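The values are calculated or read from the model by the stated rules, or taken from the named source; none is laboratory data. Bear in mind that the values here come from a model prediction, so they are computed numbers and not experimental data. FYI the Cβ positions are ideal-geometry reconstructions off the backbone, even for glycines, and counts take in every protein chain you see. Side chains included, ligands, DNA and RNA excluded: accessible areas come from the protein's heavy atoms. Shrake-Rupley method; radii C 1.70, N 1.55, O 1.52, S 1.80 Å.
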Amino acid sequence: MTIVKNGRRLKIRIFLLAIVLFFGYKMDVCSQPTGFTILKDTATLKKILIKEAVDTKTIQSDFIQEKNISALSEKIITKGKFYFKKESLLRWEYLEPFKYLIILNKNKVLIKDENKENKYDLQSNKMFQEINRMMINSVQGKILSAKEFTYSFYQNDKYYLLQLFPQAKTVKKYIKNIHLYFDKSTNGVSKIEMIENTGDDTKITFLNRKENVEISDEKFLIK
């Protein structure tokens, strides 16, 4: 139990290195995902995502995270709540089967593991600066403006799929690629998928997503 528990928490930390929350299949850099076709009109999609980012002031959502670790035979499934508020307020709260909290508040980071708390200053930690920028860009749909990635665009009847290939050495060391699924009915991020260089993968599915609802600043408070 100790190995599994420590392993799943380690993988959550690794998730933080790249963002944001990943199907059980693997994709090669040049492969076309099953069920998707190449999106040719990328300019229109970029305009849609930019407008969505501008219009979205807050996001509140449940999420389910599924983690596939090669050393374990079963998926690690966790559930929780996600909150975002412009400009740089973000809260990931794991509630089941254990409690684990991550808060990004402008230049501050809080990580609470059960009863143990760690606080970090973004100004003095380049890695957390990268984490913060990537997380905010991902949930806002502004990731297309990031220079740290190259991109591939696909679509099917339900989703726009954006594949991101990290170029920054700090991210590339851990992450092979990241996939963002944008729901065509809302233009919001519905799923985030991450493939690690180890072969492990993570999928985060957002449920009951609500935009532009009132969220108290206390949700993001770091004392």
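Descriptive notes on the structure:
- Residues that are among the β-branched types (Val, Ile, Thr) and under 13 Å from residue 84 (Cβ atoms), drawn from segment 39-63: 56, 58, 59
- Flag set for residue 197, criterion: touching a helix residue (DSSP H, G or I) at 6+ places or on another chain (Cβ under 9 Å), more than 19 Å from residue 39 (Cβ to Cβ), at pLDDT below 85 and surrounded by fewer than 15 Cβ atoms within 10 Å (Cβ to Cβ).
- Tabulated pairs, segment 67-87, first over 26 Å from residue 208 (Cα atoms), second modelled with pLDDT under 85 and basic (Lys, Arg), C-beta under 7 angstrom, 6+ apart or interchain: 69/11
- Total residues in segment 94-110, condition open to solvent by less than 20 Å² (accessible area, probe 1.4 Å) and assigned to a strand (DSSP E or B): 7
- Evaluating residue 157 against the criteria (1) in a strand (DSSP E or B); (2) exposed (fewer than 15 other Cβ atoms within 10 Å of the Cβ) leaves one unmet condition, (1).
- Residues that are in a strand (DSSP E or B) and either at pLDDT 95 or above or of a type in the set (S, T, N, Q) (or both), drawn from segment 208-221: 208
- Enumeration of residues in segment 58-93 that are surrounded by fewer than 19 Cβ atoms within 10 Å (Cβ to Cβ) and at pLDDT below 90: 70, 71, 72, 73, 74, 75, 86, 87, 88
- Residue, farthest from residue 197 (Cα to Cα), within segment 56-93, restricted to residues that are hydroxyl-bearing (Ser, Thr, Tyr) and assigned to a strand (DSSP E or B): 58
- Residue among 24, 7 that is surrounded by 11 or more Cβ atoms within 10 Å (Cβ to Cβ) and at pLDDT below 85: 7
- Residues that are open to solvent by less than 20 Å² (accessible area, probe 1.4 Å) and polar (S, T, N, Q), drawn from segment 200-223: 202
- For segment 28-43, the count of residues that are aromatic (Phe, Trp, Tyr), exposed (fewer than 13 other Cβ atoms within 10 Å of the Cβ) and part of a loop (DSSP other than H, G, I, E, B) is zero.
- Scoring residue 203 on the criteria (1) of a type in the set (D, E, K, R); (2) more than 30 Å from residue 116 (Cβ to Cβ); (3) part of a strand (DSSP E or B) leaves a single failure, condition (2).
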